[in-house]
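J.: Quick one: structure below, then a few questions.
The values are calculated or read from the model by the stated rules, or taken from the named source; none is laboratory data. Here the structure is a predicted model, which is why all the values come from computation and not from measurement. Glycine also receives a Cβ, built like all others from the backbone with ideal geometry; neighbour counts cover every protein chain displayed. We work out accessible area using only protein heavy atoms, side chains counted, and drop any ligands, DNA or RNA first. Shrake-Rupley method; radii C 1.70, N 1.55, O 1.52, S 1.80 Å.
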Amino acid sequence: MISYKEKGAGSLPLHSRSERLMGTTITISLVDEQADCLLQGAFDLLKELEYRFNANSQESELMEINYQAGIKPVKVHPDLFELIALGLEHSLAPSSHLNISIGPLIQTWRIGFADARLPDSKEIEAVLPLVDPHFIKLDPTSSTVFLEKKGMKLDLGCLAKGYSADKVAQYLKEHGVTSA
């Protein structure tokens, strides 16, 4: 959806576009002579990032890491590596409540799906040993991620939207946008 709102005489209109991505509606509004092209570029970037970070898509780069848990390291795109490294740093920080290895626990509830449910305590207890960021190994030299235990799953939902917003802001600034 694209909408335009006229501003005062002699000024450029505010261009806005909304799309459903990353489990929510994202709206970007900006003022620029190349607004349509820049909005398209921003949403193309968001779609690319969603493809990389999506914990619910069978084809995402993140899911490949989860599939290879306990098997082998996976080489990933620098954006995904950077986001995982940031999440791991915060997951391991003393008194932090962030844990990017929470994927197996999230999946027991089926949060975000039509079959969401309350798991029983045995199901929860069974996956808790997999929810430990100490078993996430990163190799910055080869840009690989390895989950040491079979069944581990990363979930970056707690970080991905903010990281993506930062990337879009950077993209717009690099293209000279001064109002967005």
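J.: Leaving out ligands and nucleic acids, note down the accessible area per residue over the chain with a 1.4 angstrom probe, in whole Å².
T.: Accessible surface, normalised per residue, equals 56 Å².
J.: Additional query: For the range 50-57, just list the computed ³J(HN,Hα) in residue order, Karplus coefficients 6.51, -1.76 and 1.60, θ = phi - 60°, integers in Hz, with x standing in for Gly and Pro.
T.: 4, 4, 6, 9, 5, 7, 10, 9
J.: Return the ratio Rg/(2.2 N^0.38 Å) for the chain, where Rg is computed over Cα atoms only.
T.: This ratio for the chain stands at 1.22.
J.: If you don't mind, another one. So, by mean Cβ neighbours within 10 angstrom, what's the order for 23-31, 112-120, 73-81 with the highest one leading?
T.: With the highest mean Cβ count within 10 Å placed first, the list reads 73-81, 23-31, 112-120.
J.: If the only charges are +1 at each Lys and Arg Cβ and -1 at each Asp and Glu Cβ, what is the size of the charge dipole of the range 103-180 around the Cα centre, to the nearest 20 debye?
T.: In total the dipole reaches around 120 debye.
J.: Here's another thing I want to ask about it. Summing Lys, Arg as +1 and Asp, Glu as -1, what charge do residues with Cβ under 12 Å from the Cβ of I84 carry, I84 excluded?
T.: -4
J.: Normalised by the residues of the chain, what does the relative contact order come to in percent, with Cα pairs under 8 Å and at least six apart?
T.: 25 percent
J.: Could you compute the FRET efficiency for E123 and Y67, with r as their C-beta to C-beta distance and R0 at 22 Å, rounded to 0.05?
T.: About 0.55, to the nearest 0.05.
J.: Further question on the same structure: Which value, in debye to the nearest 20, gives the size of the charge dipole of the range 1-137 about its Cα centre, when Lys and Arg are +1 and Asp and Glu are -1 at the Cβ?
T.: 200 debye
J.: Okay, moving on. Where the only charges are on Cβ atoms (+1 Lys, Arg; -1 Asp, Glu), what is the dipole of the range 109-150 about its Cα centre, to the nearest 20 debye?
T.: Charge dipole of the range 109-150: 80 debye, to the nearest 20.
J.: Can you tell me how much longer the chain between H97 and C158 gets when fully stretched, taken as 0.36 nm per residue apart minus their C-alpha distance, in nm with one decimal?
T.: My answer for the length gained is 20.9 nm.
J.: Under 5 Å between amide H atoms, partner at least 5 residues away or on a different chain: which partners does L21 have, H built in plane at 1.01 Å?
T.: Those qualifying (amide H under 5 Å, at least 5 residues apart or on another chain) are I26.
J.: Ok, one more. Step through the residues of the range 96-106 one at a time and calculate ³J(HN,Hα) from phi using the Karplus curve (6.51 cos²θ - 1.76 cosθ + 1.60, θ = phi - 60°), rounding each to whole Hz and writing x for Gly and Pro.
T.: 7, 9, 8, 8, 6, 8, 7, x, x, 6, 4
J.: Can you give the FRET efficiency to the nearest 0.05 for Y171 and S11, using r as the Cβ-Cβ distance and R₀ = 30 Å?
T.: 0.80
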